[in-house]
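Worksheet: one structure, shown below.
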Amino acid sequence: MSFAMLPPGGQTRLAVFCAVLAIAFCPATANAADPPKPLPDRGPNTNDAVAESMRQKNGSLFVGWRPPQALLLITGELNGYIEPCGCAGKENQKGGLSRRQNLLQAVEAAGWPLVSVDLGNQVRRFGRQAEVKFQSVADGLREMDYAAVGFGPDDLRLPAEELIAAVASVGDQGTPFVSANVGLLGLDAGITPRFQVVKAGGLTIGITSVLGDTEVESIRNDSLEMMPAENALREVAQALSKAGCDAQVLLSFGSPEESQRLAAAFPQFDVVVTAGGADEPPMIPPPLASKSGVLVELGHKGMYAVAVGLYDEEPAARSAVQPVMKTASGRPFLTQRIPLDARWGESDDMLRLLGSYQKQLETLGLQGLKLGTTRHPTGRRFAGSQACASCHESAHEVWEASAHASALVTLEEATPPRNHDPECLSCHVVGWVPQKYEPYEGGFLSRLETPHLAQQGCENCHGPAAAHAAVEAGDVVASEVERERLRAELTLSIATPEGRKKAVNNCLECHDLDNSPSFDFDEYWTTIAH
Amino acid sequence: MLLMGLLVTAVMPAPSWVVHASRSSEHVQRTPWVKVKGEWGMNRGPSARMVAGVAALIGATIGAATATSELLLRPLQLGEMGIVTMLSDGPAPKLVTSEISFNFGRMAVGDKGTHEFPFTNTGDVPLELSKGATSCKCTISGLEETLIAPGETANVKLEWTANPGGPGGDFRQTALILTNDPLRPEVTLSIEGKTFTMWDPYPQGVTFTDLQADAVASATARIMTFGDNPPVVTSIRVSQESNVVVNPVDQGENEVAEAAEIPDSPYFTAKAEPLDEALVASIPGATGGLLVTVTSVPPLPPGPMTNQLEVVFTFNGSGLSSVLSSVKEPEGGWIAKLGVKANVVGPLAVAGAVWDAANELVRIGPVSTVTGYQTKLFVTAKGEHRNAVKPRVIERVPESMQVEIGEAAAIGDGVVVRFPLSISIPAGSPTCNHLGSQQGKLGRIVLETGHPDMPQLTIPVRVAVSP
């Protein structure tokens with residue numbers, strides 16, 4: 001009986017038999033009984049439906065990869081976005097430390113030796129809140145066991161004493177923070193090393209970071225010693241060369257053009273991570289000008305991570321669009337852009353860290369955060385939405401039924417609550433400058449001090465109405481001309497192109513791409529038309 | 001084993017390699033080994049011939065068997081299907097794309113751009129396409145015909161409106177296309193380029209970190225411009241826009257106030273000059289630029305400061321960039337507003353891993369007398385008297401705490417001088433409580449500094465020594 005004469009089922013069974021036989025007699029399959037480890041393509045705390053929907057939305061991950069010898073996981077440019085705010089539904093937003101930690105844990109669960117590095121720029125603002133946030137993020141990065149973390153320009157605009165408190169070694173715990181050309185209190189102060197050498201999966205990986213020259217010029221902080229990136233790298237590259245590294249990584253906080261120039265000057269770096277570029281990093285990072293190695297962009301706001309899988313030999317399996325690249329020493333590697341979307345779920349450790357951050361903001365209060373106040377361009381004060389209700393009844397009814405009327409409640413009921421966070425408050429109460437995260441003079445301070453200014457109310461669009469309300473109520477005597485002028489100043493009509501433009505721009509102050517990516521004026525207006 | 005595998009492969013009739021044709025989750029569903037085994041009769045996974053082929057490969061590559069056996073014993077991934085399909089000569093769609101990314105070059109903010117990406121099917125069966133996700137504000141069209149017959153080509157069109165109302169800069173938008181090509185189940189199309197506005201500042205504001213109250217210090221920002229002519233500055237000022245820390249008492253009156261002119265800041269001045277031509281030339285599309293220098297005017301009040309720089313400039317009305325021809329110069333010119341922020345500090349400061357800057361104390365906490373403890377702080381001196389500072393310890397609480405002051409070192413260009421302080425609680429120190437509670441007041445280190453305005457520096461220390 002030949003094989004061809006076998007019935008289809010018999011052919012199949014014989015084929016399986018052959019395969020099983022081959023595997024059984026193969027000495028390399030001694031560990032075949034071990035259950036296969038899952039690919040690190042989703043987090044532990046999310047369900048199949050969410051993971052599948054994110055995969056369809058943002059693409060599959062690690063397609064065709066076999067376990068690398070070591071995985072370099074690269075993040076950066078968090079720019080203060082420690083979590084997606086959730087204004088438009090967290091499932092529609094990317095980023096956040098919580099998802100990032102779950103990604104790292106998924107890689108570890110897959111048994112892939114991991115080296116995590118971060119380009120830097122954990123914050124993007126200046127002041128007490130940025131200092132508290134930087135400390136929180138630094139704690140989070142230590143907790144996630146990062147091997148190396150660079151500095152961004154906004155990090156380095158913070159006071160040196162705050163930076164040092166956040167990044168310096170404590171006891172036996174070393175610091176992951178590293179810079180070849182920036183020294184806190186001097187390059188020889190020894191607060192942060194100039195490079196790191198780490199081992200993973202039997203590979204030795206050397207990592208250093210520089211702040212680009214354009215960024216160096218933009219910082220005025222006398223407590224830092226900074227030197228041109230190329231001069232610093234000349235010193236550090238020599239030491240790295242002697243460390244016997246299998247791969248070398250440069251975290252370059254400069255423009256892609258600047259980073260490419262450094263890569264050309266120091267071809268020993270296999271992975272050059274750059275700042276700048278577009279919000280969304282390329283699917284496949286471009287090769288370096290030196291032809292070996294790769295230039296990694298990360299996008300902005302910590303929405304993406306990029307993985308570089310290093311192999312001992314050519315990866316056997318890959319998809320048609322995933323090229324195998326090579327390091328300067330000829331070691332093959334694959335790359336993967338990773339969107340930090342809802343497939344990763346939330347991590348308890350990072351949620352606790354975020355809760356602690358919010359608690360610190362509450363303890364400090366607005367005064368402790370040393371927020372400035374801005375005078376409203378009109379010079380007027382706020383009356384609160386209730387003051388409008390007595391005359392503008394129908395408009396008030398529409399407002400009460402809208403999400404605007406419970407904007408502060410949303411923050412109070414969030415987990416953890418965000419109602420003491422100026423970056424959230426600015427769009428959830430009356431009388432703040434949305435994009436500056438500061439109150440106007442006389443704007444909302446707290447439920448206790450300014451209860452009439454809670455929620456997103458009338459005056460955020462129409463302007464401060466205290467004078468108008470006082471005149472209409474007869475509390476202040478004004479001429480008819482003055483009364484009409486006050487009325488006219490608060491009128492906002494979308495019937496004219498100018499009025500519509502003013503209204504749309506006003507909406508965009510809060511409904512921006514970060515917090516309301518689906519915002520469409522005509523669609524949203526229907527929910528509050530009055 | 002090799003022979004057996006090859007033999008089986010050779011005698012098997014050619015299978016029909018069926019790829020899931022649906023365009024949602026199913027066709028990119030992973031095909032686990034056990035599932036393949038359980039669905040043999042349904043012809044939904046790798047065929048018997050493929051399995052035998054894989055077996056033959058295993059036999060042939062015993063030397064490198066680890067990787068291959070892993071391939072068999074863990075869920076197969078999509079990319080790996082390529083290996084399997086190499087063994088199959090069954091019909092399948094095959095997607096060929098001549099380009100998957102397109103660079104629009106420079107676009108003015110608000111402009112629209114479209115580009116069509118040709119998709120060709122060089123396979124034997126129809127190629128199915130469907131839309132996956134796109135980045136925000138990016139739309140796909142041209143997918144009305146979701147089936148591309150063998151040998152035919154269809155276009156997928158991406159349209160993008162360049163970040164209306166937003167800043168200029170690099171952009172990249174992607175769109176995911178799902179297909180039934182087993183080798184390319186997902187294709188990501190990408191458009192990119194640079195958008196620009198009439199002017200673009202860098203950095204976005206001017207920040208003075210740890211500015212000393214009596215210092216005359218300068219910081220710069222540059223404003224790149226994209227008009228047809230270089231900019232001409234008509235006025236420049238720093239206004240005291242926001243300099244009052246939140247005060248709950250000051251809620252104001254309901255007065256019928258006029259919009260008040262915000263006064264000039266008494267603490268900062270500003271000047272603007274043309275930016276270096278070489279720098280302008282290095283920025284694509286830039287036609288001019290301004291270097292703005294902000295300088296502090298002492299004495300400055302301690303604490304945080306927020307002011308605003310306003311630069312008014314014109315392109316002299318001879319027409320704007322042709323790309324931005326729809327944009328009219330505002331009456332009075334363009335106004336660039338940049339924040340001027342500073343934190344004003346005294347001449348001496350403390351830093352270190354255990355320095356709590358918010359509460360201005362050293363946090364050591366409970367220390368075991370068995371192990372002892374050591375840490376390091378820095379004292380920094382700034383301002384004109386920095387070189388007169390020669391710190392000396394004149395008091396320690398607890399007395400068992402040892403403090404050693406190291407050599408002075410200038411930081412960078414010498415504007416700041418640092419002194420290291422090595423602090424230790426030696427093993428065997430007597431127990432004490434200086435945690436700042438009712439049971440014990442905070443400890444302290446008192447330094448005689450030599451600074452004429454601040455002759456003593458007291459550093460509170462939260463520490464306790466336990467048995």
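The values are calculated or read from the model by the stated rules, or taken from the named source; none is laboratory data. The shown structure was predicted, so the numbers you read here are calculated from the model rather than taken from an experiment. Cβ sites come from the backbone with ideal geometry, for glycine too, and all protein chains shown count toward neighbours.
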(message) If A:His396 satisfies all but one of (1) buried (at least 18 other Cβ atoms within 10 Å of the Cβ); (2) under 24 Å from B:Val340 (Cβ atoms), what's the number of the condition it fails?
(response) (2)
(request) Determine the pairs where a residue that is more than 25 Å from B:Thr161 (Cβ to Cβ), located within segment B:176-197, has a partner that is among the acidic types (Asp, Glu) with Cβ atoms under 9 Å apart, the partner being 6 or more residues away or on another chain. (result) B:Thr179/B:Glu128; B:Thr179/B:Glu186; B:Asn180/B:Glu128; B:Asp181/B:Glu128
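Let's see how each residue does on (1) away from every other protein chain (no Cβ under 13 Å); (2) surrounded by 21 or more Cβ atoms within 10 Å (Cβ to Cβ); (3) within 28 Å of the chain's Cα centre (by Cα); (4) closer than 20 Å to A:Cys427 by Cα:
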residue: A:Pro451; (1), (2), (3), (4): no, no, no, yes
residue: A:Gly463; (1), (2), (3), (4): no, no, no, yes
residue: A:His468; (1), (2), (3), (4): no, yes, no, no
residue: A:Asp475; (1), (2), (3), (4): no, no, no, no
(request) Output the residue which, of all residues in segment B:376-394 that are of a type in the set (Lys, Arg) and not in a strand (DSSP E or B), is nearest to B:Pro203 (Cα to Cα). (result) B:Arg386
(request) Would you check if there is a residue in segment B:423-431 being in a loop (DSSP other than H, G, I, E, B), small (Gly, Ala, Ser) and free of Cβ contacts under 8 Å to residues at least 40 places away in the same chain? (result) no
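Yes/no per residue for (1) more than 26 Å from A:Gly372 (Cα to Cα); (2) among the β-branched types (Val, Ile, Thr); (3) touching a helix residue (DSSP H, G or I) at 6+ places or on another chain (Cβ under 8 Å):
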{"position": "A:Tyr440", "(1), (2), (3)": "no, no, no"}
{"position": "A:His452", "(1), (2), (3)": "no, no, yes"}
{"position": "A:Gln456", "(1), (2), (3)": "no, no, yes"}
{"position": "A:Glu459", "(1), (2), (3)": "no, no, yes"}
{"position": "A:Ala467", "(1), (2), (3)": "no, no, yes"}
{"position": "A:Ala470", "(1), (2), (3)": "yes, no, no"}
{"position": "A:Leu486", "(1), (2), (3)": "yes, no, yes"}
{"position": "A:Pro497", "(1), (2), (3)": "yes, no, no"}
{"position": "A:Asn505", "(1), (2), (3)": "no, no, no"}
(message) Let me confirm something: among A:Arg352, A:Arg337, which residue is under 24 Å from the mean Cα position of the chain (by Cα) and either surrounded by fewer than 21 Cβ atoms within 10 Å (Cβ to Cβ) or more than 30 Å from A:Lys94 (Cα to Cα) (or both)?
(response) A:Arg352
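Determine which member of the set B:Val350, B:Val354, B:Val389 is within 11 Å of chain A (Cβ to nearest Cβ), under 16 Å from B:Val446 (Cβ atoms) and β-branched (Val, Ile, Thr). Explain how you work it out, then say what you get.
Working: B:Val354 fails: under 16 Å from B:Val446 (Cβ atoms); B:Val389 fails: within 11 Å of chain A (Cβ to nearest Cβ).
Exactly one of B:Val350, B:Val354, B:Val389 is within 11 Å of chain A (Cβ to nearest Cβ), under 16 Å from B:Val446 (Cβ atoms) and β-branched (Val, Ile, Thr), namely B:Val350.
Conditions (1) assigned by TED's automatic domain parsing to the domain that holds A:Glu509; (2) in contact with a Gly (Cβ under 7 Å, 6 or more places away or on another chain); (3) modelled with pLDDT of 95 or more, marked per residue:
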residue: A:Tyr437; (1), (2), (3): yes, no, no
residue: A:Phe444; (1), (2), (3): yes, yes, yes
residue: A:Ala454; (1), (2), (3): yes, no, yes
residue: A:Ala470; (1), (2), (3): yes, no, no
residue: A:Glu482; (1), (2), (3): yes, no, no
(request) Examine segment A:371-387 for a residue that is away from chain B (no Cβ under 14 Å), within 19 Å of A:Gln456 (Cβ to Cβ) and surrounded by fewer than 21 Cβ atoms within 10 Å (Cβ to Cβ), and state whether such a residue exists. (result) yes
(request) Kindly list the number of the only condition in (1) modelled with pLDDT under 90; (2) in contact with a strand residue (DSSP E or B) (Cβ under 9 Å, 6 or more places away or on another chain); (3) in a loop (DSSP other than H, G, I, E, B) that fails for B:Ala260. (result) (2)
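Could you check how many residues of segment A:128-164 are of a type in the set (Ser, Thr, Tyr) and either under 20 Å from A:Leu251 (Cβ atoms) or within 12 Å of another protein chain (Cβ to nearest Cβ) (or both)? Explain how you work it out, then say what you get.
First, the residues of segment A:128-164 that are of a type in the set (Ser, Thr, Tyr): A:136, A:146.
Restricting the remaining residues to those that are either under 20 Å from A:Leu251 (Cβ atoms) or within 12 Å of another protein chain (Cβ to nearest Cβ) (or both) gives A:146.
Here the count works out to 1.
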(request) Mind telling me which of the residues B:Thr371, B:Thr375, B:Thr431, B:Thr380 ends up being within 13 Å of another protein chain (Cβ to nearest Cβ) and over 30 Å from B:Leu211 (Cβ atoms)? (result) B:Thr371
(request) Go through segment B:156-186 and count every residue that is at the interface with chain A (Cβ under 7 Å from one of its Cβ atoms) and assigned to a strand (DSSP E or B). (result) 7
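Tell me, which helices (runs of 4 or more DSSP H) lie completely within segment A:353-443 with 3 or more residues that are more than 28 Å from A:Ser98 (Cα to Cα)?
On the way: elements: A:385-389, A:393-400, A:407-412, A:422-425.
Once the helices (runs of 4 or more DSSP H) in segment A:353-443 are filtered for at least 3 residues that are more than 28 Å from A:Ser98 (Cα to Cα), what remains is A:385-389, A:393-400.
Identify the residue in segment B:395-410 that is of a type in the set (A, V, I, L, M, F, W, C), in a strand (DSSP E or B) and farther than 9 Å from B:Leu447 by Cβ and, among all such residues, is farthest from the chain's Cα centre (by Cα).
The first filter runs over segment B:395-410 and keeps only residues of a type in the set (A, V, I, L, M, F, W, C), leaving B:397, B:401, B:403, B:405, B:408-410.
Pick out the ones that are also in a strand (DSSP E or B) and you get B:397, B:403, B:405, B:409-410.
Among the residues that remain, those that are also farther than 9 Å from B:Leu447 by Cβ are: B:397, B:409-410.
On the way: B:Val397: 45, B:Ala409: 34, B:Ala410: 32 Å.
So the residue we want is B:Val397.
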(request) Kindly check whether there is at least one residue in segment A:70-88 that is within 14 Å of chain B (Cβ to nearest Cβ), aromatic (Phe, Trp, Tyr) and not in a helix (DSSP H, G or I). (result) no
(request) List the number of the failed condition for A:Ala503; all other conditions in (1) over 23 Å from A:Phe444 (Cα atoms); (2) aliphatic (A, V, I, L, M); (3) within 36 Å of the chain's Cα centre (by Cα) hold. (result) (1)
(message) Criterion first (modelled with pLDDT under 95, under 19 Å from the mean Cα position of the chain (by Cα), in a helix (DSSP H, G or I) and of a type outside the set (A, V, I, L, M)) does A:Glu91 satisfy it?
(response) yes
(request) Please enumerate the residues belonging to segment A:440-490 that are within 30 Å of A:Asn419 (Cα to Cα) and among the hydroxyl-bearing types (Ser, Thr, Tyr). (result) A:Tyr440, A:Ser446, A:Thr450
(message) Give me the strands (runs of 3 or more DSSP E) completely within segment A:166-244, filtered to those with at least 2 residues that are away from every other protein chain (no Cβ under 14 Å), of a type in the set (S, T, N, Q) and surrounded by 15 or more Cβ atoms within 10 Å (Cβ to Cβ), ordered by residue number.
(response) A:203-211
(request) Output the number of the condition that A:Ile207 fails; it satisfies all remaining conditions of (1) within 19 Å of A:Asp222 (Cβ to Cβ); (2) touching a strand residue (DSSP E or B) at 6+ places or on another chain (Cβ under 8 Å). (result) (1)
